[in-house]
Amino acid sequence: MTDRMLQPAPFTVIGAEAVRRTLAARPDHLVTLVRDTYLAHDAGLTVNPDSYFLRFPDRPGDRIIALPAAIAGDDPFSGVKPVSGIKWIASFPGNLARGVDRASAVLVLNDAETGYPFACLESSIISAARTAASAVLGAELLHGPEKRARQVAVIGTGPIARAITDMLFATGWQAGELVAHDLDLARATAFADAIGLRRRIPTRATADIAAAISQADLVIFATTASRPHVLDAGLFAHAPTVLHISLRDLGPEVILSAWNLVDDVDHALKADTSLHLVEKARGDRGFVAGTIADAVRGRVVPDRSRPRIFSPFGMGILDLALGLDVWKTVTDQGGGVVVPDFFPRTATLGL
């Protein structure tokens with residue numbers, strides 16, 4: 001057998017500013033890329049196992065999550081390309097009191113053929129962007145093509161809420177008013193003021209979550225809730241579009257009153273999400289209308305007479321698709337930090 005030296009691709013590190021700049025430049029492209037990745041998943045071209053949680057017995061609020069995934073096939077009809085990798089994302093709520101973000105993350109990309117890692121990217125920004133792009137895609141499918149809401153209610157005003165609202169408006173959405181609610185009213189006020197200043201629309205903060213929901217035709221949940229706290233289905237009687245990004249806000253009666261869309265059924269109905277709690281109580285999944293790929297392909301049609309709720313669990317394949325796109329854009333422009341001799345040169349194939 002003839003050995004040949006393995007020559008891995010250069011290992012490149014891409015930091016936060018390059019990631020942020022690249023993602024911010026093409027918001028419509030990100031929504032399209034997320035849509036295409038969902039369609040690749042629907043076509044069986046991905047591998048997306050369950051997330052793995054590292055928890056700390058003495059610090060139950062802290063966790064680090066591993067999301068391994070692979071885009072295993074090349075879809076000739078989209079921009080989705082083969083790649084494997086893993087997102088390693090930490091959530092430490094106590095960081096807010098320390099003056100730093102709750103979440104921090106890295107994304108490692110692996111070559112689809114050799115398995116060698118070829119890039120490490122700052123990924124809290126990628127994670128927020130893929131979440132926001134998924135939410136915007138859900139809004140487009142459930143709310144209608146006009147990209148306009150009379151009133152938008154944002155429940156929870158942290159970094160994910162900022163990312164979603166920024167991407168909504170960056171992709172052409174218009175709103176008559178934005179109302180922000182948070183358990184910390186000062187934080188909601190700062191959020192509303194910042195959106196109003198950037199987007200030139202009327203905004204306000206409120207401590208009344210019921211009023212915020214019942215008066216809005218587009219409701220965005222981006223909280224850190226661990227159990228359902230919005231239990232009154234009557235708040236949604238006006239049939240709004242609901243982006244249930246934080247997954248655990250809505251009580252069973254709300255879910256059962258609605259037309260429910262998910263990113264992936266098996267993923268969305270686990271880990272005591274609102275949908276999972278309903279499944280455990282009922283013993284079936286018949287209350288879920290379908291997946292976002294079903295909606296894109298027209299296999300399901302939103303029922304506009306009912307609240308329409310999109311509950312995406314979040315899939316590692318989306319991080320991979322956006323991360324690979326960022327890596328290609330940055331390196332094509334000569335950016336990123338190449339780490340020479342990152343891998344040993346003694347490895348040979350065939351040993």
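Can you send over the carbon and sulfur percentage of the accessible area for the chain, probe radius 1.4 Å, protein chains only? Mind dumping the intermediate values first?
Values: 8850 of 15900 Å².
Summing carbon and sulfur atoms, their accessible area is 56 percent of the total for the chain.
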Quiz item: Between (i) 0.99; (ii) 0.97; (iii) 1.02, which matches Rg/Rh (Cα atoms, Kirkwood Rh) calculated for the structure shown?
Solution: (i)
Exercise. Work out from phi, with θ = phi - 60° and the Karplus expression 6.51 cos²θ - 1.76 cosθ + 1.60, the ³J(HN,Hα) of each residue of the range 321-333, listed in order in whole Hz, and give x for Gly and Pro.
Key: 4, 5, x, 5, 5, 5, 4, 5, 5, 5, 6, 4, 8
Exercise. Show the residues, 5+ positions off or on another chain, whose built amide H is closer than 5 Å to the amide H of R148.
Key: Q174
Quiz item: Does anyone have the angle between helix 124-143 and the longest principal axis of the chain? Alpha-carbon axes, 0 to 90°, nearest 10?
Solution: 50 degrees
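In terms of the Cα gyration tensor, with a ≥ b ≥ c the square roots of its eigenvalues, is the range 103-185 rounded because a/c is under 1.5, prolate because a/b exceeds b/c, or oblate? Don't skip to the answer; put the middle values down first.
Working: a/c = 3.91, a/b = 1.84, b/c = 2.12.
Oblate shape, in that a/c is at least 1.5 and b/c is the bigger or equal ratio.
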Quiz item: How far, in degrees from 0 to 90, does helix 27-42 lean away from the longest principal axis of the Cα atoms of the chain, to the nearest 10?
Solution: 80 degrees
Quiz item: Which ³J(HN,Hα) values in Hz, rounded to whole numbers, follow from the phi angles of the range 154-161 under the Karplus curve 6.51 cos²θ - 1.76 cosθ + 1.60, where θ = phi - 60° and Gly and Pro get x?
Solution: 10, 9, x, 10, x, x, 5, 4
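Quick one: work out the % antiparallel among DSSP beta bridges in the chain, nearest 5.
Numbers: 33 of 66 bridges.
The antiparallel fraction comes to roughly 50 percent.
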Quiz item: Share of antiparallel DSSP beta bridges in the range 212-314, in percent to the nearest 5?
Solution: 0 percent
Self-check item: 21 Å Cα-Cα reach of K280 towards lysines, excluding residues that sit fewer than 8 places from it in its own chain
Solution: K270
Self-check item: From phi via Karplus (6.51, -1.76, 1.60), per-residue ³J(HN,Hα) for the range 288-304 in Hz, x at Gly/Pro
Solution: 8, 6, x, 9, 5, 5, 4, 5, 4, 7, x, 6, 10, 10, x, 8, 7
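On full extension of the chain, what length is gained from A72 through D28, given 0.36 nm per residue of separation minus the C-alpha to C-alpha distance?
Details: separation 44, 0.36 × 44 = 15.84 nm, distance 2.44 nm.
Extra length available between A72 and D28 comes to 13.4 nm.
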Exercise. Whole Å is fine, so just give me how far the alpha carbon centre of the range 66-129 lies from that of the range 47-65.
Key: 16 Å
Quiz item: Tell me, what is the per residue accessible area of the chain in Å², probe radius 1.4 Å?
Solution: 45 Å²
Quiz item: Do the sum for the chain: with -39,500 (n - 2.57) for every DSSP H run of n ≥ 4, divided by all residues, what is the mean residue ellipticity at 222 nm, to the nearest 500 deg cm²/dmol?
Solution: -10000 deg cm²/dmol
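The values are calculated or read from the model by the stated rules, or taken from the named source; none is laboratory data. This structure is a prediction, so every number in the text was calculated from the model and none was measured. For accessibility, only protein heavy atoms count, side chains too; no ligands or nucleic acids. Shrake-Rupley method; radii C 1.70, N 1.55, O 1.52, S 1.80 Å.
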